[in-house]
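Reviewing the structure listed below.
The values are calculated or read from the model by the stated rules, or taken from the named source; none is laboratory data. Just so you know, these numbers come straight off a predicted model, no measurement behind them. All Cβ positions, even for glycine, are placed from backbone atoms using ideal geometry, and neighbour counts span all protein chains on display.
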Amino acid sequence: MATPNASAAPKPLARTPEEWAEELIRLGGRAFHGKQVFRWIQARGVTDPAQMSDLPAALRTKLVESGLGSVMDIVSERRATDDTRKLLVALGDGANVETVLIPRVSGGKSDLPSPIEEDADAAAAVEDEDDPLADDGPIPVTQCISTQVGCAMGCVFCASGVAGLKRHMRAEEIVAQVLVGRSRLDEREQIRNVVLMGMGEPLHNYESTLRALRLLTHPDGIALSTRKVTVSTSGLVPEIARLGKDFNGQIGLAISLHAADDETRSRLMPINKKYPLPELMKALRAYPLPRRRRITIEYTLVAGKNDTAEEAKKLAKLLTGLPVKVNLIPMNPIEASTLGPPDLSGVLAFQRILCDAGYSCFIRRRRGDDVSAACGQLALLGAKPKVRVDRGGGLRPRSLPVQGGGTPPGGGTE
């Protein structure tokens with residue numbers, strides 16, 4: 001399995017303005033041309049040097065010769081009835097990953113007697129519930145992006161990990177999904193939020209994720225606010241600390257928790273055996289969260305596994321003192337599993353216990369599930385399962401990832 005080399009020179013789409021300046025000086029240009037090229041690519045989405053009209057013609061020719069060109073190809077686009085779009089995009093080595101565009105809908109509440117938030121894999125992870133949707137303004141879109149081809153975590157309710165990890169994505173491949181996503185927006189739509197909740201575990205691919213986050217939030221580029229970028233993790237404790245330090249807590253943090261005791265969580269999420277709940281909770285309490293910001297707790301409700309009133313009470317106790325909001329996600333169906341969600345009455349009862357305990361607790365409305373774009377449904381198409389999931393035996397993973405983003409023992413491309 002290929003692993004990004006942090007010491008290697010960054011590819012064109014992953015360069016900062018300063019790195020572009022060095023490259024353009026080498027090609028015979030001037031240092032200020034670096035910021036111009038960066039803006040063309042990141043702010044305007046233009047990767048064809050011929051269109052970079054404020055650059056000298058000779059420099060544009062050299063940029064073509066150096067390999068600057070198309071971003072990535074869209075293999076297919078599937079649009080759900082709610083206008084959620086799932087894009088299958090092709091990477092340079094022939095691998096495919098999925099990314100999802102989720103437009104915010106007017107009035108995003110349900111008729112159900114409880115708070116309902118949008119499911120983007122995602123939109124509920126961003127702190128913008130109080131931002132009204134103007135009739136004549138832009139339509140905010142949340143994009144859910146992938147960070148790995150496949151996933152090594154092996155969570156029983158998630159299609160991404162069924163085939164195991166094929167390889168880490170490079171920083172330019174992570175950022176390119178946003179550039180491609182912008183090209184597929186409808187009129188008035190605008191990408192406002194990006195969530196790293198697609199295929200893969202972002203913190204398992206830390207160096208590429210770090211560079212991608214710096215590019216996505218660079219003021220001369222895509223210029224996303226750090227408040228509008230959320231990283232979701234299954235609980236890699238050392239990397240949670242690194243993320244907090246590298247961004248001073250400004251990047252949003254979402255935790256795939258899904259259970260409130262180690263026995264249950266280890267059955268649902270093998271990574272818990274490496275970083276059990278006491279270690280994870282300690283890391284969350286140490287995360288340098290800015291004032292008035294909250295950690296998002298993601299809790300997928302799996303019928304018969306983690307959905308009882310007793311589980312809800314244990315969750316309320318576990319989260320005591322943490323600034324959090326809880327997103328309850330009735331499990332979306334995946335082909336590799338016979339597991340499913342509890343009925344609505346069970347979901348509402350679980351939510352009521354958390355609300356009564358004083359937590360902001362939301363039930364995600366499904367978005368894009370008719371094109372398999374909802375939470376947990378992004379899959380490595382055509383891959384053979386490396387895990388077996390059923391109601392009786394739970395999960396039997398091939399392996400667990402090693403610390404620090406390396407190759408899982410026994411892993412590799414088939």
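Exactly one residue out of ILE174, ILE222 is at pLDDT 95 or above, outside any loop (DSSP other than H, G, I, E, B) and in contact with a Leu (Cβ under 9 Å, 6 or more places away or on another chain): that is ILE174. Please specify each residue of segment 237-259 satisfying the condition of being in contact (Cβ under 8 Å) with a residue 40 or more places away in the chain and in a loop (DSSP other than H, G, I, E, B). Of everything in segment 237-259, those that are in contact (Cβ under 8 Å) with a residue 40 or more places away in the chain and in a loop (DSSP other than H, G, I, E, B) turn out to be ASN248, GLY249, GLN250, LEU257, HIS258, ALA259. In this structure, VAL64 does not satisfy being under 26 Å from the mean Cα position of the chain (by Cα), at negative phi and β-branched (Val, Ile, Thr).
Considering only segment 152-168, I want to know if a residue exists there that is surrounded by 24 or more Cβ atoms within 10 Å (Cβ to Cβ) and modelled with pLDDT of 95 or more. Yes, there is a match, as at least one residue in segment 152-168 is surrounded by 24 or more Cβ atoms within 10 Å (Cβ to Cβ) and modelled with pLDDT of 95 or more. Restricting attention to segment 189-216, the residues that are aliphatic (A, V, I, L, M), in contact with a strand residue (DSSP E or B) (Cβ under 7 Å, 6 or more places away or on another chain) and either over 16 Å from LEU179 (Cα atoms) or part of a loop (DSSP other than H, G, I, E, B) (or both) add up to 3. When each of LEU196, LEU224 is tested for being surrounded by 24 or more Cβ atoms within 10 Å (Cβ to Cβ), assigned by TED's automatic domain parsing to the domain that holds ILE295 and in contact (Cβ under 8 Å) with a residue 12 or more places away in the chain, the lone residue that passes is LEU196.
Filtered by the rule that a residue be assigned to a loop (DSSP other than H, G, I, E, B), aliphatic (A, V, I, L, M) and closer than 12 Å to LEU253 by Cα, segment 267-304 gives a lone residue, LEU289. Within segment 282-315, the set of residues being under 22 Å from PHE157 (Cα atoms) and either among the hydrophobic types (A, V, I, L, M, F, W, C) or outside the structural domain of ALA357 (by TED's automatic domain parsing) (or both) comprises ILE295, ILE297, LEU301, VAL302, ALA303, ALA309, ALA312, LEU315. The residue of segment 316-335 that is farthest from the chain's Cα centre (by Cα), among those that are more than 13 Å from SER360 (Cα to Cα) and surrounded by 15 or more Cβ atoms within 10 Å (Cβ to Cβ), is LEU318.
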